[in-house]
Each structure stands twice: as C-alpha cells, then as structure tokens.
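Below you'll find the structure, written out as structure tokens, and then a few comments.
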Amino acid sequence: MPASSGDLEQLKRLGAMLDEPGAELDGKPVGLALAEEWLKVRDRLGRNIPLVPNRVQQEYERRRGKRNIVLKARQMGMSTWIAGRLFLKTITQPGTMTVQVAHTQEAAESIFRMVHRFLEHLPRKIRNGALRTSRLNKRQIAFPALDSEYRVETAADRNAGRGLTITNLHCSEVARWTGDAADTLRGLRAAMPGIGELVLESTPMGAGGCFWQEWQEAESTGLVRHFFPWWWEASYTGMAVCETTLTDVERTLVREHGLTHAQIGYRRDIHANYRGLAKQEYAEDPNECFLSSGDCVFDRDALDARVRELRGPLATRSNGELQIWYPPVAGRKYLVAVDPAGGGSEGDNSAVQVIELETCLQCAELKSKMGGLDLASEAAKLAAEYNQALVAVERNNHGAGILAYLTGVCRYPRIYAQAGQDGWLTSQLSRPQMIGLLGAALVETPGIFSSERLLRECRTFVRHRNGKVAAQYGEQDDCLMAMGMAIAIRNELQAGIGRIR
C-alpha cells in the first residue's frame, strides 16, 4: 500500500481519491483504508490501536454528503472519526484549512491531543518529508509543502474562524455551545467558500437552540441528517433480562430494532441512573431525545407520538410557507384564523390556520413574514377557496390594520366578530383558555393535527421560572397561537357566543 511513500504527488493522488465515489485501496474505500493504515487512536485500556471504523463510523462514511448534521447518543466515536477523516484530507489535499470547533477549552485540548496522535503515528518517511510541520502547538498544525493547516478553536471565542478561509469545518457538541451559538455558527459558515465539508455534530440538549433548529430545518437547508441511537455502540450491553419481564416498549424495541435482552438490560440501567435525562443522554428517537429546557406545557408523549405518525403535506405553495393537507370539500364549513405580525424581513412571522368547523381538522397552515395587505389578501384568498370560510383575525396590535384591509380593500364579507367588534381579542383571560383547549385537543384528538411546524412549537412552549407560559428563548409560537385561537373560536361558535358580523 502506498502509505509508506513520502512522495508529495502520491499524497495528492490519494487526496483526490478521498472524495471520489467508488474509489478503493486494497478493496476498501480510500478513507477507511487510510484510516486503518495511518491513524492511531487510544482505546479504553490506554493502548494506541489503528482507527478501524465501528458500525456508526462506517454508516456515516457511507451516507455522508458535503453538508452533514449528526445527532447521536453519548460516546459513539463520531468526533474521533470526523477528526480523523478531516485530518486525512488536510494532509493529502493542497491548500486545505480544516477547523474543528469544540464547545469548551478542555474539549478542544482533548480533540487536539487526538490529532497530534494521528500525526505522531504517521509513517516516519512522510512525517519527516512531505508532511514536515512548520507550526506545531496546542491549537494549530501547519504543513507547508501542501500549504495546509489543521486548527482547533472553541465556540466560546467570538472570533473563532475569523479571518480564515475554511475548507473543512467540524462543529462538535453544538448543542452545548455557550453564548449566541447561532451567531458563532453563521460567522464560521461565512468563512467557508462552499467547496469543502461541513459537519455539525452533537448529543441533544433541549428542544430549542441552535443545534435543535439546524436539525429541524436540515431538509430545507441541504444538510444530510445522520441519527445514531445508543444501541449502535457494541459495548452498550448489560445483564440479559428475562423474556417474561419485557414491557410493551421493550418488546417494540426488540421487534423493530433487533435489540438483544442484554441491550434491554443495559437500557434499564440507563433509565435507573439517568431517570428523566435518559432519553437525552442515550438517544433512541430523533424527536424525543430533544427534551424541553423548561417544563413543556403540553403532553410531551402525545406530541412525540403524533410527530412519529406525521406525513408530509399534500401540497405546498409560496416556497413552502403555505402547507395544505386537506383540500376543501363541498358542503363543509371552514374557519381561517389569522395571527398577524408586523411583517418584513426583520419582523415576526404571521400565521394562518385553516380548520374544518365540524371536526376541528387542521386543513392548511401558513407561516410567513408577510403582513399588511399581503397577509389580508392571502387570508381572503384562502377563505374563498375553502367554501367562503369565516375569517377570524386577532385584533390586538397589527390586527386592526388587517381587518381594515380585509373589509375595505379585499371586500371579504364573512368576518368573525366578538362582543360586537370585528376580530378576536387575546387577553389575560382568553390566552390561558386558548392554550388549555389546544393542550386538551393534543391529548384527546391528536389526529386532527398535521403540521410538524405546529407540533415543534408546542414542544418548545414551556413554563418559565417566573411562572410565565411562553415559547422557550429563541423559539417561536406563531402557528401555536393561531391554532389555539382557531380552537377557541370554534368553541364560541358552537356555544352560540361568536358570530359573523
């Protein structure tokens, strides 16, 4: 195998093959072959052994793209594998700047000790030849013959990556980054020219924040999702349990994921030791592992169960802002509930929910930055499409303007009125009622909800320490409040309280 060659051109040829689909050395993908031959890691007994990929690492290597996000249980070996892979790219691809960002200084030092170990155990001929270093310290290794460099930074440093042109970026334990993690990540991404490799990797921590948001939006932002539950780690086994003692949940895990009775025993130990944090520290489901950082107002089990059942919308419009699950049916009556915001690129989101009045079935949902006449026109258009539906607008703040546009410009005739005044008033009395009715519906009739956006907002709607019930910091509740209003107005209509003006 050419690993012993110190020839610079041979390194470059290997570097070109690293990202070439189907390229092999000795019958293995190039990255796997080079990792096993060149890279050494320290095992749990303190021995330096070849980096032979485990199941998780092999699956990541098989599915990875240029932009990746990895959600995993604890100690699966992903940071090690990504560091090794990007190190190989740094020492074989000229002009490479690899930056690895850890969540703490201690973690950064640990990662870089691992990278130094990679370097120290390279074949002597290339280490002292083509890969002779010019800068070698606790945060930086430079290879002048290739004009390449490997750096480790911490997310706590607001200047991390500033002034660099980053080829490959590995962001480790993003869920645990301190400060404004989203702003730090934006700065790092801005330093990437678009041709390199990006990996966001973390164990979960809270249904909210930068990593949670990146995971939720991965499909729309082009990130390849990788989820690795704890049982993919071969060492996670315990005392085998008896078949007759299995719970329904355990039987499901055995049936659907092939867990052994020894793995079930380990799982019981996890839940005994970690209790409420077990789902987070030893992830089993990519939705349930994101525990709310406060007490979630709604039933988490009901939310998670419904999310698992969801299917995508039947149709989308306006670049995905409008999602439709059920088109209008002749003879059915519908309600269009509008929760307006100021609009504009810097404003909050407006939200519109379309429900069938008889069943409360969620038929369509709009979440958009639009406001003013644009929002009024869209609401009127949706209402006309849904059999001349009743339109209810929250009249607080921007709502008065939307109502004026609906009646004066759009000339829409069917407007909900409350106590002799157009629109719905969200007050200190009505807000708890809206939230309570939504919470009851999520438990009693979860099948009426089809929007992942809505359920995601419900997941991060928490009870804060001051007693206030609101969205977690950095999260939104636009779809949630529009749906709460829709359900409350439906109740008023059924009770004969609300009316059409």
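Bear in mind these aren't lab numbers, they're just calculated from the coordinates by the rules spelled out. Every value quoted in this text rests on a predicted model; they were computed, and no experiment measured them. Heads up, the Cβs are rebuilt from the backbone with ideal geometry, glycines too, and the neighbour counts pull from every protein chain shown.
Here the convex hull built on the C-alpha positions of region 295-500 has a volume of 119 cubic angstrom per residue.
Given R0 = 60 Å, the distance between the Cβ atoms of Ala262 and Gln421 translates into a calculated FRET efficiency of 0.35.
Which whole-number percentage describes the relative contact order of the chain, with Cα contacts under 8 Å and a sequence gap of 6 or more?
Reported relative contact order: 12 percent.
For the chain, the 222 nm mean residue ellipticity estimated from helices alone, with every DSSP H stretch of n ≥ 4 adding -39500 (n - 2.57) and the total spread over all residues, rounds to -11000 deg cm²/dmol.
Rounded to the nearest 20 debye, the dipole magnitude of region 57-144 is 220 debye, with +1 charges on Lys and Arg beta carbons, -1 on Asp and Glu beta carbons, and the Cα centre as origin. First measure r as the distance between the Cβ atoms of Gln433 and Arg332, then evaluate 1/(1 + (r/R0)^6) with R0 = 30 Å and state the FRET efficiency to the nearest 0.05. The pair Gln433/Arg332 has a calculated efficiency of 0.70. With Cα atoms as the point set, region 374-488 shows a radius of gyration and Dmax of 15.3, 46 Å. In plain terms, the bigger the Kirkwood radius, the slower the diffusion; for the chain, with that radius from Cα pairs, at 4 °C and 1.567 mPa s, Stokes-Einstein puts D at 50 µm²/s. Straight-line cross-link reach from Lys40 at under 20 Å between alpha-carbon atoms covers these lysines, not counting any fewer than eight positions away in the same chain: Lys28, Lys89, Lys125, Lys138. Counting only Cβ charges, +1 for Lys and Arg and -1 for Asp and Glu, the dipole size of the chain around its Cα centre is about 880 debye.
Under the definition of Cα pairs under 8 Å and six or more residues apart, what whole-number percent is the relative contact order of region 216-318?
Computed over region 216-318, the figure is 22 percent.
Compute the relative contact order of region 2-228 as a whole-number percentage, counting only Cα pairs closer than 8 Å that sit 6 or more residues apart in sequence. Walk me through the numbers before you get to the answer.
Details: 404 pairs, mean separation 56.3, N = 227.
Contact order relative to length: 25 percent.
Charge dipole (Cα centre; +1 on Lys/Arg Cβ, -1 on Asp/Glu Cβ; no other charges) of region 2-228 amounts to roughly 500 debye. Each of Thr203, Thr133, Thr154 has some number of other Cβ atoms within 10 Å of its Cβ, and from fewest to most they run Thr133, Thr154, Thr203.
Once divided by 2.2 N^0.38 Å, the Cα radius of gyration of region 2-228 becomes 0.96.
Taking 7 Å steps out from each Cα toward its Cβ at Arg44 and Thr245 produces label points 2.2 nm apart.
Each 5 Å bin from zero up to the one holding the largest Cα-Cα distance in region 230-290 carries the following percent of pairs: 4, 19, 30, 30, 15, 3, 0.
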